[in-house]
There are 2 protein chains.
Amino acid sequence: MKIIRDPVKIQNLLSKFSNKKKIGFVPTMGALHEGHLSLIRKARKENDIVVVSIFVNPLQFGPKEDFKKYPRPIKKDLYLCKKENVDFVFYPDVKSYYKKDHLTFVEVEKLSSILCGRYRKGHFKGVTTVVTKLFNTVKPDVAYFGQKDLQQAIIIKKMVEDLNFPIKIKISPIVRDSDGLALSSRNVYLNPEERKRALSLYRSLKEGFNLWSKGEKNAKKIQRCILNVLYEGIDTKKDSIDYVEIIDTESLEKKEIIDKKSAAVIAVRIGSTRLIDNIIFDKDSNGLYNSND
Amino acid sequence: MKIIRDPVKIQNLLSKFSNKKKIGFVPTMGALHEGHLSLIRKARKENDIVVVSIFVNPLQFGPKEDFKKYPRPIKKDLYLCKKENVDFVFYPDVKSYYKKDHLTFVEVEKLSSILCGRYRKGHFKGVTTVVTKLFNTVKPDVAYFGQKDLQQAIIIKKMVEDLNFPIKIKISPIVRDSDGLALSSRNVYLNPEERKRALSLYRSLKEGFNLWSKGEKNAKKIQRCILNVLYEGIDTKKDSIDYVEIIDTESLEKKEIIDKKSAAVIAVRIGSTRLIDNIIFDKDSNGLYNSND
C-alpha cells in the first residue's frame with residue numbers, strides 16, 4: 001500500500017492506470033469505522049485499483065464547528081486501509097492541497113441550502129469543492145459514498161451529472177452499531193447518557209417505516225410519528241431537533257405522499273453533537289439504499 | 001474530421017486516447033476568426049489529437065446581452081476546422097448539454113466580480129461552469145485560450161490550479177485585423193462609423209505602451225494617457241468606457257507601479273457593441289502574451 005501526500009505525485013501515478021485499470025475511490029475524512037470499511041470492501045470487490053483519501057477538509061466546517069477536535073487517528077486508519085488491501089492512500093496536507101489564496105468553489109445550488117445546508121452554511125459547498133479536487137486528482141472510474149450522509153450523496157450525484165464527470169457514483173447502505181446507532185466518526189463525542197438518547201434517532205425512523213409498511217402514505221403523518229418518538233427519547237433541555245423531513249431521493253424536495261423515491265431524513269443535536277440518520281421507504285432493502293443502483 | 005453532438009459519445013471516444021495520445025483542446029463559441037485559428041494551429045502543432053468545441057453557452061450571457069443574435073455560421077466554422085485538420089468538433093445542443101434543472105456552478109470568486117465581471121454579472125461564473133463541463137467531457141492534456149479575453153484566461157488558469165485539473169492552459173497572443181482592431185466574433189456588429197471609432201481602443205493601448213517604453217512606470221499616468229486617446233477617438237454621445245485599468249496578470253489586482261507581470265486592460269461600448277482589448281507591458285513580445293509560458 002502506497003501512502004502519498006503530494007497531489008501531483010498521486011495524480012501522475014494514477015493517471016498511468018487510466019484506460020488500463022479500473023480505479024475505485026473512497027473519499028473519507030479518516031476516523032474510519034465499519035461504514036467506511038464497507039465502502040472500501042465494495043470498492044475492492046469491484047475495481048482493480050482502490051484509492052482511499054483521508055483529508056479533514058476545513059472548507060466544509062463552519063467557524064463554530066468541530067474542525068479542530070475532529071478525530072484524526074491516522075495510524076489506525078492506515079492500519080485499517082492496509083488490512084483491506086487498499087492500493088493507495090491519498091493523505092494530503094491542508095496547506096499543500098489548498099494553496100493560499102484559494103478562490104474557486106463548486107456549488108450545487110438549491111440542494112445545498114436546504115436540510116443540513118440550512119444549519120451548516122457553506123458545508124456542502126465545501127464538500128462539492130473538495131470532491132471536485134479529489135476527483136481531478138484521483139480520476140476514478142467509480143466513487144463510493146455512504147447512505148448515512150444521504151444529502152451529500154445526492155448532491156454529489158447531481159454535481160457529477162451537471163458537470164459531466166465521467167465517474168460512476170455508488171451509494172452504500174448505512175452501517176449501524178449493535179444498538180442501532182448509525183456509525184459516524186462523531187459518535188465518539190457522545191457520553192453514555194447522550195448515546196442512550198441518540199438511539200431514539202433510529203428508533204423513530206423505524207417507527208415511521210413501520211407505520212408506512214402498514215399502508216400509511218401521508219408524509220405529514222409519518223413525520224409526526226417520527227417526531228413523537230424522537231421527543232420521547234431526547235432530553236429537550238439538552239438536545240434539539242434540527243429537522244425531520246420526508247424527501248424525494250433525487251430532488252430532495254419535500255414529499256406530501258410517500259412513493260418510490262422517498263426517504264425520511266433527520267438531524268438531531270444530542271448535547272453538542274449533531275447526528276443525522278435516514279431511512280428509505282423501500283421494503284425490499286429494509287430501509288437501506290439499494291447499493292446496486 | 002468527426003463532428004459529434006452527444007457529450008457521452010465524444011467522452012467515450014476520447015477517453016480511449018488517454019495515456020496514448022496527447023489531446024489539445026480549443027473551446028470556442030464558433031464564429032471562428034483568425035484568432036481562433038491561431039489557437040487551433042498551435043494545438044495542431046503541439047498535440048496528436050485536436051478537439052474544437054463550438055458551443056454558444058447561454059450561461060455566460062446576461063439577460064440583456066446578445067445570446068440570441070450571437071453569430072452562428074456553423075457551416076463555415078466546420079469548413080475552417082476541417083481545413084485546419086481538426087480531428088474532432090464537439091458541437092453540443094444546448095438542451096442536451098444543460099439538462100433541465102441544471103444546478104451546479106463553478107466560480108472563481110473575487111476574480112470574477114471585477115473588471116468585466118462588474119459589468120457582466122454572472123458572466124465568468126457561466127464561463128468557468130461550461131469550461132469545467134467541457135474539460136470533463138474532452139479530458140484534454142492542453143487547452144488553448146486567447147489573450148484577447150485576458151481576464152477569462154487568467155480566471156481559467158486559476159480555476160485549473162485551485163481544482164487540480166490535470167490540464168495545461170496555454171494563452172496565445174491577440175490577433176488583429178490590418179487596421180489594428182483585435183479580432184472578435186462581435187466585430188460584425190459594428191457599422192463602418194463605429195468601426196472607425198473602435199480603432200481608438202488599440203491606438204490608446206499603443207500610446208500607453210509607448211509612454212511606458214520611454215520609462216514611465218506610474219500606472220495612473222499610463223491609465224490617464226490611454227483614457228485621453230480613447231476620449232479623443234470615441235463619440236461620448238454614442239459610446240462609453242466601462243474601464244481602463246493597469247492590472248497584475250495573475251491576481252488581476254490594480255497596479256500602482258508597472259512591473260513584470262502588468263497589463264493594461266480596457267472595455268469600451270461602441271454604440272451597442274461591447275469591445276475589450278489589452279496590452280502586456282513586455283517589450284520582447286511587443287505587448288503580446290508570450291505563448292511559450
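The values are calculated or read from the model by the stated rules, or taken from the named source; none is laboratory data. Note that the structure is predicted; figures quoted are calculated from it, not measured. All Cβ positions, glycine included, derive from the backbone under ideal geometry; neighbour counts span all protein chains shown. Surface accessibility is based on the protein's heavy atoms, side chains included, excluding ligands, DNA and RNA. Shrake-Rupley method; radii C 1.70, N 1.55, O 1.52, S 1.80 Å.
Rounded to whole numbers, the Karplus 3J(HN,Hα) couplings from phi for the range A:247-254 are 10, 7, 7, 10, 8, 6, 6, 5 Hz, using 6.51 cos²θ - 1.76 cosθ + 1.60 with θ = phi - 60°, and x at Gly and Pro. From the label point of residue A:20, set 7 Å from Cα along Cα→Cβ, how far away are the matching label points in the other copies, in nm, ordered shortest to longest? Label-point separations across copies, in nm and ascending: 1.4. Quick one: of B:64/B:255; A:22/B:9; A:168/A:255, which pairs are farther than 22 Å apart, Cα to Cα? Those over the limit are B:64/B:255; A:168/A:255.
For residue A:143, the residues whose modelled amide H falls within less than 5 Å of its own, excluding neighbours fewer than 5 places apart on the same chain, are A:25, A:168, A:169, A:170.
Taking the range A:1-24 and a reference point 7 angstrom along Cα→Cβ of residue B:161, the backbone N atoms nearer than 20 Å belong to A:6-12. Amide H to amide H, with H built 1.01 Å from N, residue B:31 comes under 5 Å of no residue 5 or more places away or on another chain. The angle between the Cα long axis of helix A:219-233 and the main principal axis of chain A comes to about 90°, on a 0 to 90 degree scale. With Cα atoms as the point set, the range B:104-146 shows a radius of gyration and Dmax of 11.5, 33 Å.
Peptide packing for B:32-39, A:275-282, A:193-200 was compared via the average number of neighbouring C-beta atoms within 10 Å per residue; ordered from the highest value, the list is A:275-282, B:32-39, A:193-200.
Taking the 1.4 Å solvent-accessible surface of the protein assembly as shown as the whole, the part contributed by carbon and sulfur is 49%.
Stretched out fully, how many nm does the piece from residue A:1 to residue A:193 gain, at 0.36 nm a residue minus the Cα gap? Write down the numbers at each step before the final one.
Details: separation 192, 0.36 × 192 = 69.12 nm, distance 3.99 nm.
Stretched out fully, the residue A:1 to residue A:193 stretch lengthens by 65.1 nm.
Straight-line reach from residue A:76: taking Cα to Cα under 20 Å and skipping same-chain neighbours fewer than 8 places apart, the aspartates and glutamates in range are A:34, A:84, A:87, A:93, A:177.
As a length-normalised measure over Cα pairs under 8 Å and 6 or more apart, the relative contact order of chain B settles at 17 percent. The phi-based Karplus calculation (6.51 cos²θ - 1.76 cosθ + 1.60; θ = phi - 60°) puts the 3J(HN,Hα) values of the range B:185-201 at 5, 7, 4, 5, 6, 7, 7, x, 5, 5, 4, 4, 5, 5, 5, 5, 4 Hz, whole numbers, x for Gly and Pro.
Work out the length of the dipole vector of the range B:40-165 about its Cα centre, built from +1 on the beta-carbon of each Lys and Arg and -1 on the beta-carbon of each Asp and Glu, and round it to the nearest 20 debye. Please list the in-between numbers first.
Working: 25 positive and 15 negative charges, 114 e Å.
Result for the range B:40-165 is approximately 540 debye, rounded to the nearest 20.
Label separation (residue A:285 vs residue B:290): 5.6 nm, computed from points 7 Å beyond Cα along the C-beta direction.
Assign unit charges at the C-beta atoms only (+1 for Lys and Arg, -1 for Asp and Glu), then state the dipole size of the range B:154-293 relative to its Cα centre in Debye, rounded to the nearest 20.
Details: 25 positive and 22 negative charges, 35 e Å.
About 160 debye.
Peptide B:136-143 has a mean of 2 when you count, residue by residue, the C-beta atoms of other protein chains within 10 Å of its C-beta.
Note on the protein assembly as shown: Kirkwood hydrodynamic radius from all Cα pairs is 26.4 Å, rounded to one decimal.
Distances between equivalent label points of residue A:82 across the copies, with each point positioned 7 Å along Cα→Cβ, amount to 6.2 nm, shortest listed first. Each part gets one Cα centre, and for the range B:65-91 versus the range A:255-293 those centres are 48 Å apart.
Placing a label point 7 Å from Cα along the Cα-to-Cβ direction at residue B:213 gives distances to the equivalent points in the other copies of 8.4 nm, listed shortest first. Buried area at the B:A interface is about 2900 square angstrom, summed over both chains, from accessible surfaces computed with a 1.4 angstrom probe.
Of all alpha-carbon pairs in the range A:185-280, indicate the percentage at a distance above 19 angstrom. It works out to 38 percent of all Cα pairs.
Applying a 10 Å radius around every beta-carbon, put B:101-112, B:63-74 in order of their mean neighbour count, most first. Before the final figure, lay out the partial values.
Numbers: B:101-112: 20.3, B:63-74: 12.5.
Packing proxy ranking, top to bottom: B:101-112, B:63-74.
Between residue B:68 and residue B:16, what is 0.36 nm times their sequence separation minus the Cα-Cα distance? Round to one decimal in nm. Don't jump to the answer; show the numbers that get you there.
On the way: separation 52, 0.36 × 52 = 18.72 nm, distance 3.59 nm.
Net length gain for the segment: 15.1 nm.
The mean number of partner chain beta-carbon atoms within 10 angstrom of a residue's beta-carbon across peptide B:155-164 is 5. Note on B:94-104: average number of Cβ atoms from other chains within 10 Å of each residue's Cβ is 4. Take the convex hull of the alpha carbons in chain B; its mean projected area over all directions comes to 15.0 nm².
Anything over 21 Å Cα to Cα? Flag those among A:214/A:261; B:69/B:237; A:95/B:139; B:221/B:254, in the order listed. Walk me through the numbers on the way to the answer.
Numbers: A:214/A:261 18 Å; B:69/B:237 24 Å; A:95/B:139 27 Å; B:221/B:254 13 Å.
The pairs that break the limit, which is 21 Å between Cα atoms, are B:69/B:237; A:95/B:139.
In degrees from 0 to 90, rounded to the nearest 10, what is the angle of the helix A:74-83 Cα long axis to the longest principal axis of chain A? Around 80 degrees separate the two axes. At an R0 of 60 angstrom, the distance between the Cβ atoms of residue B:248 and residue A:177 translates into a FRET efficiency of 0.65.
Spin-label model, residue B:257/residue A:240: points 7 Å from Cα along the beta carbon direction are separated by 5.4 nm. Quick one: in the range A:2-172, what % of C-alpha pairs are over 21 Å apart? The calculated P(r) of the range A:2-172 puts 46 percent of pairs beyond 21 Å. Residue ranges B:157-167, B:142-152, A:245-255 sort as B:142-152, B:157-167, A:245-255 when ordered by packing (mean number of other C-beta atoms within 10 Å per residue, highest first). If you fit an axis through the alpha-carbon atoms of helix A:34-46 and take the longest principal axis of the Cα set of chain A, what angle between them do you get, 0 to 90°, nearest 10? Taking the Cα atoms of chain A, the angle to A:34-46 is about 50 degrees.
For residue B:275, the residues whose amide H sits under 5 Å from its own are B:268, B:269, B:270, ignoring neighbours fewer than 5 places away on the same chain, with H placed 1.01 Å from N.
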